[in-house]
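Undergrad: Below you will find the structure I want to go over with you.
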Amino acid sequence: MPGPRRSLPEPTLARLPVYQRIAVEFDRRDRGIILDSTTLGRLAGVAPATVRRDLSYLGALGTRGAGYDPATLVSQIDEVLGRSTVLDVAVIGMGNLGRALVNSSNFLGGVASLTALYDSDPSVIGTSIAGVPVSDIAAGIASVPMAVICTPPEVAQEVADQLVAAGTHAILNFAPIVITVPLGVAVRYVDFSIELQILAYQLMNGTGPLGGGVLHTLGITPPVRRPGS
């Protein structure tokens with residue numbers, strides 16, 4: 001029987017999916033490549049020591065001085081993040097953003113199953129988006145463990161209250177407003193305007209990872225190969 005998992009610090013939890021995306025791209029391009037902490041850190045925008053510390057939560061993974069096998073890294077991160085369990089998720093708000101998210105092939109990330117959509121617009125209620133019917137939020141919200149709020153900010157708190165009352169314990173909030181939830185309910189925020197402000201600051205002040213993102217950098221990175229390959 002495996003022992004209990006070590007609790008992941010919040011910064012580590014945020015970085016593990018980034019490492020995984022890098023490993024997926026390396027594995028897709030060349031299965032003979034070995035990733036070292038220096039390369040992972042440069043592409044993720046963190047120090048090699050931070051990479052090694054983060055990946056230590058995965059258990060015995062890499063070989064000192066040799067690096068990490070990308071395919072193994074992908075599967076180990078999946079295991080630690082609990083991606084073997086698929087959770088039901090509802091999306092509230094079928095405006096432009098909600099529709100774009102639901103129709104995106106990468107939206108669920110392999111960790112969730114879209115089971116319900118809600119809106120208050122009579123012209124949208126009863127239609128189907130991505131094969132899922134849109135229900136009237138005024139008629140109530142079904143119990144789901146996770147939900148995504150894509151509503152205007154003035155109704156986001158009311159929607160959050162409905163979700164909590166229905167038994168939702170994890171909310172991803174795209175509405176540009178801070179919502180209040182009781183203890184035991186996790187909330188994460190996605191605000192594009194804030195991200196643009198941060199990018200603008202980095203651009204004007206010469207800070208941040210301005211050398212290129214993962215996909216750009218991967219195209220010019222010399223591969224590290226296994227001995228004898």
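Undergrad: Taking the Cβ-Cβ separation of Val86 and Thr38 as r and a Förster radius of 45 Å, what is the calculated FRET efficiency to the nearest 0.05?
TA: Efficiency, from the Cβ-Cβ distance: 0.80.
Undergrad: Determine, from the Cβ-Cβ distance of Ser128 and Ala166 and an R0 of 22 Å, the FRET efficiency 1/(1 + (r/R0)^6), rounded to the nearest 0.05.
TA: 0.50
Undergrad: Okay, next question. Using label points projected 7 Å from each Cα along Cα→Cβ, tell me how many nm separate Ser75 and Ala186, to one decimal.
TA: For Ser75 paired with Ala186, the spin-label model returns 2.5 nm.
Undergrad: Taking amide H positions as placed 1.01 Å from N in the peptide plane, with prolines and chain starts having none, which residues 5 or more places from Ala112, or on another chain, fall under 5 Å of its amide H?
TA: When sequence neighbours closer than 5 places are left aside, the close amide H contacts are Leu87.
Undergrad: Counting other beta carbons within 10 Å of each residue's own, what order do Thr50, Thr168, Thr85 fall into, fewest first? Kindly include the intermediate steps, with their values, before the conclusion.
TA: On the way: Thr50 17, Thr168 23, Thr85 8.
If I rank by nearby Cβ atoms, fewest first, I get Thr85, Thr50, Thr168.
Undergrad: Let me ask something else. Please grab the % of Cα pairs in region 119-212 that end up more than 18 Å from each other.
TA: Distances greater than 18 Å cover 56 percent of the Cα pairs.
Undergrad: Now for a different question. Could you list Tyr57, Tyr118, Tyr68 in order of exposure, starting from the residue whose Cβ has the fewest other Cβ atoms within 10 Å?
TA: Ordered by Cβ neighbours within 10 Å, fewest first: Tyr57, Tyr68, Tyr118.
Undergrad: While we're on this one: Once the other residues with Cβ under 14 Å from the Cβ of Gly93 are scored (Lys, Arg +1; Asp, Glu -1), what is the net sum?
TA: Working: positive: Arg99; negative: Asp119, Asp121, Asp136, Glu154, Glu158.
Spelling it out: positives minus negatives among the neighbours equals -4.
None of the figures in this text is laboratory data; all of them are computed from the coordinates on show. Everything numeric in this text was worked out from a predicted model, so none of it was measured. As a convention, Cβ positions derive from the backbone with ideal geometry for all residues, glycine included, and neighbour counts pool all protein chains shown.
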